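Quick notes on the structure that follows.
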Amino acid sequence: MSEEKEVKKPHLSRREFLKDAGLIVGGATIGSIALASACNNDTTTVAGNTVTTTVTQTVGTVTVPAGTTTITQPGSTSVVTVTPDDPSLGDKSRINLTVNGRAYNLTVPNHLSLAWILREELGLFGTKIGCDMGQCGACTILVDDVAIYSCVMLACEADGKKVTTVEGLSDGITLSPIQQKFYDKEAVQCGYCTPGFLMAAEGLLKANSNPTEDDVRLALSGHLCMCQNFRKTISAVIGGV
Amino acid sequence: MTLPVFNVAGKPENHDCHIKEYLTGKADYTGDHMPGRKLFGAMKHATIAHGTIKSIDATKALNETGVKAVITYKEAPTVLNQTILYWGQPVVGIVADDWYTACRAINLVDVTYDELPSITEADEALKPGAVLSGKREGTNLAPASFTRGDVDAGRQQADIELETIQPWTTTYQHSPIESYQALAWWIGDHLYVYQGSQNLHGNKSAVVNYLEMPANKVHCFARYLGGGHGARLSNWESGIAAFMSKAVYGLPVLFRETKKHNMLFHIRQYEVKSTYKWGAKNDGSLVYLDAQNWVNGSGAGMSTVMRTTWIIPHVKWEGAGIYINVPDRGSWRCVADPPFALNMTMAMDKLAEKLNISPYEIRRKNMMPVDMPDQDSPYRYWGSKEVNECFETVARESGYTSKWHAPGQNNKRTDGRLHGIGIHCHTDSHGSVAGTSMAGIVLMQPDGTALIEAGCTKPHNSPTMLVHFTAETLGMKYEDVFVGDWGNSDTTLNSGSHGGSAFTGAGGSAFVSAARDCRAKVFAAAITKTPLKEIAGITVDDLDAKDSEIFYKPDPTKRITFRTAMNGTPPIAGYGTGWAAAGGGTGGGGLQRPLFGLPVGTAVNAQSAAASVAEVAVDTDTGEVEILGHWNATGCGRVIFYEGVMSQFGSGTELQIAQALYYGDVYDYATGAVIGSQFTETQLPTTMDIRPSRHNLYPIEGDDHSAPLGAHGIGEPVVGSYACILSAIYNAIGVWVDPDHGACNPDKVLKALGKAT
């Protein structure tokens, strides 16, 4: 399978690769432009402003509640053509985005993910980096109300987007309805994956306010928890808020 | 059994003290500090299994934009080594502006090696003349042995004998979602390190030694960590981060392992291979066991599973940990024993079949009663033992005896799949009260609320558990006791390591002692206040406390609040150290209350127990196994933090389901190389693999007379799911599936059925 996509941004230098939509498996969480790991770029080639990456992960095809379909097959190839829009910025881009209701005008290195910028530039450490390659879901946030993995979305792609992180679900004192459900069920173990699960659940509930056990299992299936506390997490989301 | 009534402990409504921090993104893990102010470190790893570094050329890396420093074994001799003992051993560190630049730069470092012969297959290590890995002097083996009675005599008594070889059990990576990392910075000649370690004060000691610094100039922090699993006892990362920061003049450096290397080089779990020779009488009673156990990559050696669960008069047991040119292994969750328990269950089921009795019957026949002492010197009793109740609970709740059928017989379901059911139980060393050197501080504040100062991090609700211990002992409401400072080596005493579930005993007993000390001091203040001071001859021994009020025992209407007692009194600190169940004697350990006629102070065993039943349906066309029902019971002693217990228990169950059915092997035995570097490749289970409605959990309470408030540790629960699921598959298809170092996935089931090669 081969796909082409154009991104009007300067040369994307960070990981020297790009992969197109799809890498993500299952659930309400989707990838925007998925990035391969810096450590696993051996299948990526760069020619001028065109970056070609062969996807090596084995994934499936899943229809998510939000109506988006993820599309990746092993061995598929994605081609991204990059068109510089402001050469004076070099390897950086200017972006405007709204994070948790607050407007930001940022100049960001093109090779850094949205997760990185949220954490290291804005100090929003609630968004966790786990695998950093679109597999574990710890970095899940909402972009325009759809749950995505922010480690596989470049910050420069977020221009004009509305972003919600776990810090934006509530004021931190009075919990949001889904945070309260997690509280009531004590759906936390070590807690590192919890923000990702919360954001995926929030994304699911925006599309399906009364999910069944099977709905929840599917919607959260793109998230890993090495403490293996799925039982409580699933229970917290069943039936909505 | 009638258990003492708790006022605070065990209440399901008591939530984790820091749960809102988790849910709102405020919990600060190692990497969650100093936005925009820190540099990042990454590591290059060896590409040979055994040899010596000949040269390192980092010129190209240092010329890369954003790269700040390179460290090797020359700059960091206590944490990096010129000698390579396994593929993937760290060799060169890079510091750069961001982590991705550091990762890219490590590929620009040229390392050459003088390679030596290597050994990467455990079975090869057992052969005469095997290549030496270099990990141990003159050998690859760490042998161990154990003898009880006379096996030759037992052999003469046996009516039935069984000899079986249990192949290598499952191994898997247990990489937490948060990769191993450490953040270090210097201010003058003082070093500050944040690493999510399961042993805060142990980490400090290690850093002191790595840097060869005085302890007063090393300051360690560990508040939250993403997944402990008994494997976050590594402190090498702190040493690396400290040397990296030193190389950039003390600037903060966050060193983080790549996920690929994190997955396999620290925490890949070991597997076990066993041979068993069993002897039994026709009535099913065991008379001897002649066993060998080989452990790949760990010195765990001998499991307590076999020694402390069954009555076996004659035992000979030998084996060894095998150290080859692969990374040493981490502990299993359910620490050492799932692989031993699996091999034991498989062998015992085979013996039951030979005796023509069910797996339930052979276990019931031979299980040690709760009031029986250990069969080995020094013949100690247990503070409490719940394995029998666990076993009967899962058998009863699952309807095991009515559902069991002979292996591979009478098993066809209406949907064409084969039905199977398996049962398992064991005791082991989890939850032992081991904390004689641990200590705690309880601080009573002028407003009558209490703080605990806990020298621990927060893997799986530990400070919350200590709050329960403290509130119950003080006689205060749960909401009046808070976690003060924790995870700070400067302001806390060592509350113990979180590895292996010992923390409940170690930290718990320390804080019970500290709370008793604090309470006595507050009571002394209370008798100076109205109305208690008006009681003639009153002493602190006349007082008790409940719900944050102190009352006169002969007349409970005479009472004051803790707040009133503390009015005008400076903060009061209580200190205490823990005790060990096996300590006994004058050390303050052993039995805290009489048991079986034994006096206080008698040294006893402190162990936990588990039993499990799994019911499965096996599709013989696809090899797929579906869990239809799962019943798990675990012995807790007293439940202290209820939701914490249920989280640990449930997660331990799910983990072993994954070990039984999903985890893939991600390691090349031929070369010692890592061949799986991502979560997807290691086939981690997801929510699609777990149906909460099919999993039934039964925390079985006992009252451990040696433990703080009677509680075992359940930080990593004893769970037998791995063994009982494989037993259930056998019951369905009538053939044992060979784990072959990995989970029993459909391919292996089909192979067992002769439908695949």
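Read-outs throughout are calculated quantities, based only on the coordinates presented, and are distinct from any laboratory measurement. Given the structure is predicted, the values throughout are model-derived calculations rather than measurements. Every residue, glycine among them, receives a Cβ derived from its backbone with ideal geometry; neighbour counts consider all protein chains shown.
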3J(HN,Hα) from dihedral phi, the range A:205-215, Karplus parametrisation 6.51/-1.76/1.60, rounded to Hz, x for glycine, proline: 5, 5, 9, 8, 7, 9, x, 7, 4, 5, 4
What percent do you get for the relative contact order of chain B when only Cα pairs under 8 Å and 6+ apart count? 16 percent
Can you tell me which of B:527-535, A:205-213, B:269-277, B:681-689 comes out highest on packing, and rank the rest after it, using the mean Cβ neighbours within 10 Å? B:269-277, B:681-689, A:205-213, B:527-535
Whole-number percent relative contact order across the range A:113-241, with pairs defined as alpha carbons under 8 Å at least 6 apart: 27 percent
How much net charge surrounds B:ARG563 when only the other residues with a Cβ under 11 Å from the Cβ of B:ARG563 are counted, with Lys and Arg +1 and Asp and Glu -1? -2
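By the scheme Lys and Arg +1, Asp and Glu -1, what is the net charge of all other residues having a beta-carbon under 12 Å from that of B:VAL92? Kindly include the intermediate steps, with their values, before the conclusion.
On the way: positive: B:LYS44, B:LYS74; negative: B:ASP57, B:GLU75, B:ASP110.
Charge balance in the 12 Å sphere: -1.
Quick one: net charge of B:ILE160's neighbours, Cβ under 9 Å, K/R +1, D/E -1?
Details: positive: B:LYS281, B:LYS354; negative: B:ASP159, B:GLU161.
Combined, the nearby Lys, Arg, Asp and Glu give 0.
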Inside 10 Å of the C-beta atoms of B:249-261, what's the mean count of C-beta atoms belonging to other chains? 2
How well do other chains shield peptide B:223-235, expressed as the mean number of their Cβ atoms within 10 Å of each residue Cβ? 3
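Return the subset of B:LYS20/B:LYS204; A:LYS181/B:LYS26; B:LYS273/B:LYS350; B:LYS533/B:LYS558 for which the Cα-Cα distance in this structure is over 20 Å, preserving the input order.
Where the Cα-Cα span goes over 20 Å, the pairs concerned are B:LYS20/B:LYS204.
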With point charges of +1 on the Cβ of Lys and Arg and -1 on the Cβ of Asp and Glu, referenced to the Cα centre of the protein assembly as shown, which listed residue (A:ILE178, B:LEU286, B:ILE733) lies farthest in the positive direction of the dipole? A:ILE178
Once the dipole of the range B:517-592 is set up with Lys and Arg at +1 and Asp and Glu at -1 on Cβ about the Cα centre, which of B:GLY590, B:PRO570, B:ILE538 lies farthest towards its positive end? B:PRO570
What does DSSP give for the protein assembly as shown in terms of the percent of beta bridges that are antiparallel, rounded to the nearest 5? 75 percent
Select from B:CYS456, A:GLY101, A:HIS223 the residue farthest towards the positive end of the dipole of the protein assembly as shown; place +1 on Cβ of Lys and Arg, -1 on Cβ of Asp and Glu, and compute about the Cα centre. B:CYS456
Shielding by partners for B:96-109, please: the mean number of other protein chain Cβ atoms within 10 Å of each residue's Cβ. 4
Pairs of alpha-carbon atoms within less than 8 angstrom and 6+ residues apart define the contacts here; what relative contact order does the range B:434-578 have, in percent? 36 percent
Between rounded, prolate and oblate, where does the range A:113-241 land on the alpha carbon gyration tensor, with a ≥ b ≥ c its root eigenvalues, rounded for a/c under 1.5, else prolate if a/b exceeds b/c? prolate
With only Lys, Arg, Asp and Glu charged, each at its Cβ (+1 for the first two, -1 for the last two), find how big the charge dipole of the range B:388-529 is about the Cα centre; round to the nearest 20 debye. 480 debye
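Counting Lys and Arg as +1 and Asp and Glu as -1, each charge on the Cβ, what is the dipole of the range B:69-213 about the Cα centre in debye, to the nearest 20? Numbers along the way, then the final one.
Details: 8 positive and 18 negative charges, 67 e Å.
For this selection, approximately 320 debye.
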Considering amide H positions built from the backbone, and no H for Pro or chain starts, which residues 5 or more places from B:CYS17, or on another chain, come under 5 Å of its amide H? B:THR464
Classify chain B as rounded, prolate or oblate from the Cα gyration tensor: take a ≥ b ≥ c as the square roots of its eigenvalues, call it rounded if a/c is under 1.5, otherwise prolate when a/b beats b/c and oblate if not. oblate
